[in-house]
Amino acid sequence: MTNVLILGGSGKIGLEIQNRNNIFFTKTYFKNILKNGIKFDILNDQIENIDHVSSYDCYIIMSAISEPEQCFLNEKLSKQINVIKTKELILQLKKYGKKIIFFSTEYIYDGLTGNYKENSNANPINLYGTQKLEVENYIRRNIQNHCILRIAKTYSSKIGNSSLVSNWYNQVCIQNLKTFKVASDQFFSPLFVIDIEKVLELIINKNFIGTINLGGPDKLSRIDYFKIFISKIEKKDIHIQKVKLSDFIKNEKLPLVTTFNTSKLKNFINFKMTNFENGVKKFLENVN
């Protein structure tokens, strides 16, 4: 059995990760209490104070302020958590000589071209992407046995977790809203979160070292994804207004096109990533 410690396991992604055939995940939390989890405050706690921390075979770092707008509004705090304390954590973990997996973001790209490969130029246009890229570079310089996962926008099969499909379902099916303004100029490769669990299993078992762009197989606009969602729930009275992403942005910039070229991912995994249409079907099967 491979024992893995997930730092920041009470976030949207961490909550979805379940034990695999030969992998047991232990998760830390801060505010959102997890049954059988370990309380850990990245700002104030020391990793060596976690019982038997050196006995884990792998460490996954998900801890972060991950909303770009919140990073912008809380620049000092986000720098402390996303950069300074994360670097300190990595340095503390280094002495155990185990694999470190770091969750980065699609926002390390500027969003001008899309179809990004792992070796495409990283040129973040917002603070969150800049912070993540700084830690990526730190890991490459200091940790040999590492894996960096650049995560696309995620969604899951669960309702009420504020992910892409869950939000739409809440608005359309629970709040019964009829009119929606949806960006037509934002393109991305949405990632069904259960697929992350499968990829992690392969990374750990194969001892993969390097960087992977982890996204779904689609490369569509937000409005196209919304139309797919509406078609699956068979709502006929929904009015869609085509708008620009800038109409929703308050302060921080967001890249427009963050679609991934996932050829490296396809060559590594032994299963098919979930496309958006099938992901919506699984969501509806779960909530109905």
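The values are calculated or read from the model by the stated rules, or taken from the named source; none is laboratory data. Since this is a predicted model, take the numbers as computed values, not measurements. Because the Cβ atoms are built from the backbone with ideal geometry, glycine has one as well, and the counts that use them run over all protein chains shown. All accessible areas refer to the heavy atoms of the entire protein, side chains included, with ligands and DNA or RNA removed. Shrake-Rupley method; radii C 1.70, N 1.55, O 1.52, S 1.80 Å.
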task: Per DSSP H run of at least 4 residues, take -39500 (n - 2.57); add these up for the chain, divide by its residues and hand me the 222 nm value, nearest 500 deg cm²/dmol.
output: -9000 deg cm²/dmol
- prompt: When the accessible area of the chain is split by element with a 1.4 Å probe, what percent falls to carbon and sulfur?
  reply: 46 percent
message: Can you tell me the orientation of helix 127-142 relative to the chain, as the angle in degrees between its alpha-carbon axis and the longest Cα principal axis, to the nearest 10?
response: 30 degrees
- prompt: For the range 7-106, max minus min Cα coordinate along each principal axis, in Å, sorted largest first?
  reply: 40, 29, 26
statement: In Å², rounded to a whole number, the accessible area per residue of the chain with probe 1.4 Å is 48 Å²
field: Amide hydrogen neighbours beyond the local backbone of LYS39, cut-off 5 Å, H modeled
entry: TYR29
statement: For the range 208-268, listing trypsin sites (Lys or Arg not before Pro) in a DSSP loop whose Cβ sees at most 15 other Cβ atoms within 10 Å gives LYS235, LYS236, LYS244, LYS250
query: Amide H to amide H, which residues 5 or more places from ILE101 or on other chains are under 5 Å from it, using H placed in the peptide plane?
result: TYR59, ILE60, ILE61, CYS147
- request: Sorted from largest down, give the three principal axis spans of the alpha carbons of the range 191-288, whole angstrom values.
  value: 49, 37, 20
statement: Once amide hydrogens are built 1.01 Å from N within the peptide plane, the residues lying 5 or more places from THR2 or on another chain with amide H under 5 Å from its amide H are ILE23, PHE24
task: Take every Cα-Cα distance within the range 236-277, group them into 5 Å bins from 0 onward, and report for each bin the whole-number percent of pairs it holds.
output: 5, 13, 13, 15, 15, 14, 14, 10, 2
